[in-house]
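All remarks here apply to the structure that follows.
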Amino acid sequence: MPLLLYFNTMTMAEEKNLTEQESLQLITEMIHKVKGSFHESGTSAILWGSVVGFCGLFSFVKAHFDFSTGWFDVWFLTLIAIVPQVIISIKESRQRKILTYEESAMNAVWLVFGISIFALAFYNNVVPGVSENFYAKDGIELLQRNKATGEISAFHPFIFSASSIFLILYAIPTLVTGLARKFKPMIIGGIICYLLFIVSCFVSFQYDMLLQGIAGIINWLIPGLILRNMFLKGKAC
Amino acid sequence: MFKELDPILHSQLRLAVMSLLIAVKEAEFTFIREKTNSTAGNLSVQIQKLKDAGYVDVVKQFKDNYPLTTCKITKKGINAFEDYVKALQQYLQVGK
């Protein structure tokens, strides 16, 4: 296309009168140039995929072999991972020369997801105790009876299959990102995550942890590695 | 009746800058210079004209002790760009 070649090679050093066709051609070319200018590095996805994957698998192994890590809950690693995430975000924003509307929207989605995950963890830890207190105020004590021995003991409420809700939440930003960017690994990851959620409704806590680990790997680690590979190839071009 | 083409936009480099900025939320000066293949001096002059017309916002700051200029299109700039494209389409339809 000679006109396109002309625009690509010229230096816009001076004012030039444009024909209507040239104007439209220039607009199209510039918008096209922007489209190829942003590449997701995949670093954040790799970080969170690794952390959630490790925490889930470790929790499964811990429950399976029934050993203790004392006061340390492996899921605290997700809190620690915020530090490198902040460093990655600052570094990437410094390297970034443009901010697209899509990227801005995706950042908002993942930020809200991060807040929601910690809000859900807070809910899971706080609501059972608060519920128990509300019942106690009304003079109600929750009890459980062992059908085999007939023994009656205090029942402390908890959120049933809480990790299933986490799996729903994991799927949301992953699928949104995959669909918005037409990035198949994340679309597949998000769909699998919903399937894992269904499975998690029917299995014990121990296997919920295994599903969480799998979700972290399929949702973020694998797509992150694919993104990283694409990013490095893009840079090499 | 033909709409007159906006003289601020009907210029090669200024139109290129606006076409880039319409597609992004914000862009650094160096990115615009690279994509438009223009010289820093000329680009500064043309961006200043767009700024004076109220079509772009320019933020100057420092990053790692180096000056960093970021540009973003304004609401007025978006409207002007849309009007310009509509006017172009009118001209092209008549030319067919």
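The values are calculated or read from the model by the stated rules, or taken from the named source; none is laboratory data. Quantities reported herein were computed from a predicted structural model and do not represent experimental measurements. Heads up, the Cβs are rebuilt from the backbone with ideal geometry, glycines too, and the neighbour counts pull from every protein chain shown.
Descriptive notes on the structure:
- Some residue of the range B:79-86 being more than 14 Å from every other protein chain (Cβ to nearest Cβ) and closer than 16 Å to B:Leu15 by Cα: yes
- Just one of the listed residues (B:Lys72, B:Lys60) is part of a strand (DSSP E or B) and either of a type in the set (S, T, N, Q) or over 20 Å from A:Glu103 (Cβ atoms) (or both), and it is B:Lys60.
- B:Gln46 being out of contact with any helix residue (DSSP H, G or I) (no Cβ under 8 Å at 6 or more places or on another chain), under 24 Å from A:Glu20 (Cα atoms), of a type outside the set (Val, Ile, Thr) and free of Cβ contacts under 8 Å to residues at least 40 places away in the same chain: no
- Per-region count, the range B:30-58, residues among the small types (Gly, Ala, Ser), farther than 16 Å from B:Lys72 by Cβ and buried (at least 16 other Cβ atoms within 10 Å of the Cβ): 1
- Residue match in the range A:38-54 (condition: under 30 Å from B:His10 (Cβ atoms) and at pLDDT below 90): yes
- Scanning the range A:81-108 for residues that are more than 11 Å from every other protein chain (Cβ to nearest Cβ), without any contact (Cβ under 8 Å) to a residue 60 or more places away in the chain and of a type outside the set (Gly, Ala, Ser) yields A:Ile82, A:Val83, A:Pro84, A:Gln85, A:Val86, A:Ile87, A:Ile88, A:Ile90, A:Lys91, A:Glu92.
- In the range B:11-30, the qualifying residues are those that are in a helix (DSSP H, G or I) and farther than 20 Å from A:Gln25 by Cα, and the one that is nearest to the other protein chains (Cβ to nearest Cβ) is B:Thr30.
- Within the range A:150-169, the only residue that satisfies the criterion of being under 13 Å from A:Cys201 (Cβ atoms) and either in contact with a strand residue (DSSP E or B) (Cβ under 7 Å, 6 or more places away or on another chain) or surrounded by fewer than 14 Cβ atoms within 10 Å (Cβ to Cβ) (or both) is A:Phe160.
Conditions (1) in contact with a helix residue (DSSP H, G or I) (Cβ under 6 Å, 6 or more places away or on another chain); (2) more than 17 Å from A:Leu18 (Cα to Cα); (3) of a type in the set (A, V, I, L, M, F, W, C), marked per residue:
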| position | (1), (2), (3) |
| --- | --- |
| B:Leu5 | yes, no, yes |
| B:Ala16 | yes, no, yes |
| B:Ala53 | no, yes, yes |
| B:Gln61 | no, yes, no |
| B:Leu68 | no, yes, yes |
| B:Lys76 | no, yes, no |
| B:Ala80 | no, yes, yes |
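- Residue match in the range A:90-107 (condition: in contact with a Leu (Cβ under 7 Å, 6 or more places away or on another chain) and either at pLDDT 95 or above or in the same structural domain as A:Asn219 (by TED's automatic domain parsing) (or both)): no
- Out of B:Tyr91, B:Tyr84, one residue alone is in contact (Cβ under 8 Å) with a residue 60 or more places away in the chain, in a helix (DSSP H, G or I) and over 14 Å from the mean Cα position of the chain (by Cα). It is B:Tyr91.
- Scanning the range A:170-180 for residues that are of a type in the set (A, V, I, L, M), in contact (Cβ under 8 Å) with a residue 40 or more places away in the chain and buried (at least 17 other Cβ atoms within 10 Å of the Cβ) turns up A:Ala171, A:Val176.
- Here A:Glu92 meets each of (1) closer than 30 Å to B:Ala23 by Cα; (2) over 18 Å from the mean Cα position of the chain (by Cα); (3) of a type outside the set (A, V, I, L, M) with one exception, condition (2).
- Here is the figure for the range A:63-91: residues that are within 15 Å of A:Ser50 (Cβ to Cβ) and not hydrophobic (A, V, I, L, M, F, W, C) total 3.
- Hits in the range B:38-64 (condition: under 25 Å from A:Arg94 (Cβ atoms) and facing chain A (nearest Cβ under 9 Å)): B:Ser38, B:Leu43, B:Lys63, B:Asp64
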